[in-house]
Structures are given as C-alpha cells and as structure tokens.
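Below is one structure, written out as structure tokens, with a few remarks after it.
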Amino acid sequence: MAVGERQLCVICAWRGTCNKKFSGGGASLHCADFTRDIALKPPQEIKKVNILLTGKPGSGKTTLIIKLVTEMISQLRLRPGGFYTHETKEGFFRSGFKIFSLDGKEGVLADTKLESPHKVGKYGVDLKALEEIGAASIESAVSNKDIDAIIIDEIGKMEAISERFKDAALSALNSPKIVVATIQHEGNGYIFQIKNREDVKLIEVTEANRDRLVEKIIPMMS
C-alpha cells in the first residue's frame, strides 16, 4: 500500500491515524487488513471547505464553536488545535476578553482597563497575548500532523492588528485541514477578503438558529 493510500482504507478511513503496525521499507507500507474502499475519493479530489461563523455581538458564535469542538472530538474523532475567546464582565457589562488555546495556554486578550498602544473601541489589546497564544496556536495546528482541525475565535479588528496573526490565519485557511472560525459580522479590508474566498462557507449565527447549527455544520466536516 502506497503512503498516499492510507486514508483510502475501508478499515481506517477518516481516522486520521492508523493504530495498525506496518512493516516494509522504502515508499511502501503493508497492512494485512488493508481493503480499498472504492467509494472514497483520493485526498487530492476532496475539496475542503473553510467554515466561517458570523453574526452580531451576543449572537452566540463562541458558544457554538465550543459545542462544535466537543462534537469534533466525541463524534468525528477529530483532534482540534487553535484557540477560543471568552468575554469578561464587571457587573452586567462586558469589560474585555480572555484567550484560551486548546493546548492549555491562556491570557487577557483585551480589557477596558488595559494600557496598550493598540486600541479597538474602548478596549486595550494585548498584542503579546494575541500573538503568543492566538497566532502561535494556529501556527502549531497548521504544522502539527496530529491536528485535524483548526479553531480560530475570532477574526476581527483586534486580531487584524497583528500581521503575524493575519499570516497565521491565512496559512490555516490555505492548509488542507478543516478550519472552523468566527469572523466579525461587519468589516472591510482583510475581513472582507476572507469572507469572499471561494473556499469559504459563511454561516450567519442568530439567537433563533444557533441551537440547530451544530447538526447542520458537523456533516460538513466529515
């Protein structure tokens, strides 16, 4: 069995890795259980779709993306990398955002009380956290062969401050790996260009549809 045929095995298709022991040298791999499934397209024939979730603030994009990560792992047996964010509050009012990478790093991404030369609205943005947690987690997910899907929460004005982040996000979108990202509802320049890529499926998240979207999106990844 040629190296490129491992994903075409009826036994191990879509698993991403194979737990069998292979023998043989050179470019060949041999598996006693290998059975070709002619219903499966070769990898080069599978066109990847980048899934972008957009919606107005408070529509539930981050909540949805966390639910999707859970389903990726439990239902599809995918291994995600990347990051997500979570808002922080003072009383009833949003005061900022924390950032969490799926490999365990966290930090303050932005806060109304953060002194920073980088401002988006009322928030000071921590460029170091954005790059060393956000951008770095995307870069690692792109290069790590054990990662199947890349989570980016989100692509917006804050993230567009960093050229490193923008390059990392484009690298993920251009990679063969599944990308699920949230993106700012409105925006021009970099944000507009990403939304209008031919390989993007843009999904509007609203309070009315957000609870039904997991069932709609999961089949797009399989």
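Each value in this text was obtained by applying a stated rule to the coordinates, not by laboratory testing. Please read all numbers here as calculations on a predicted model, not as lab measurements. All Cβ positions, glycine included, derive from the backbone under ideal geometry; neighbour counts span all protein chains shown.
For residue 164 and residue 94, calculate 0.36 nm times their separation in residues minus their Cα-Cα distance, and state this gained length in nm to one decimal.
Result for the pair: 22.5 nm of gain on full extension.
The C-alpha radius of gyration of segment 47-221, expressed as a fraction of 2.2 N^0.38 Å, stands at 0.97. Our coupling estimate for segment 168-175, obtained by passing each phi through the Karplus curve with A = 6.51, B = -1.76, C = 1.60 and θ = phi - 60°, is 5, 5, 5, 4, 5, 4, 7, 7 Hz, Gly and Pro reported as x.
Going through segment 66-168, which chymotrypsin sites (Phe, Trp or Tyr not before Pro) have at most 13 other Cβ atoms within 10 Å and a DSSP loop state?
Listed in order of number, the matching sites are 92.
Give me the net charge of residue 168's neighbourhood, meaning all other residues with Cβ under 11 Å from the Cβ of residue 168; Lys, Arg count +1, Asp, Glu -1. All intermediate terms of the calculation are to be shown ahead of the outcome.
Numbers: positive: 164, 166; negative: 131, 139, 159, 163, 167.
Neighbour charge sum, excluding residue 168 itself: -3.
List the residues, sorted by chain then number, that are 5 or more residues from residue 185 or on another chain and whose placed amide H is less than 5 Å from its amide H. HN-HN under 5 Å from residue 185: 55.
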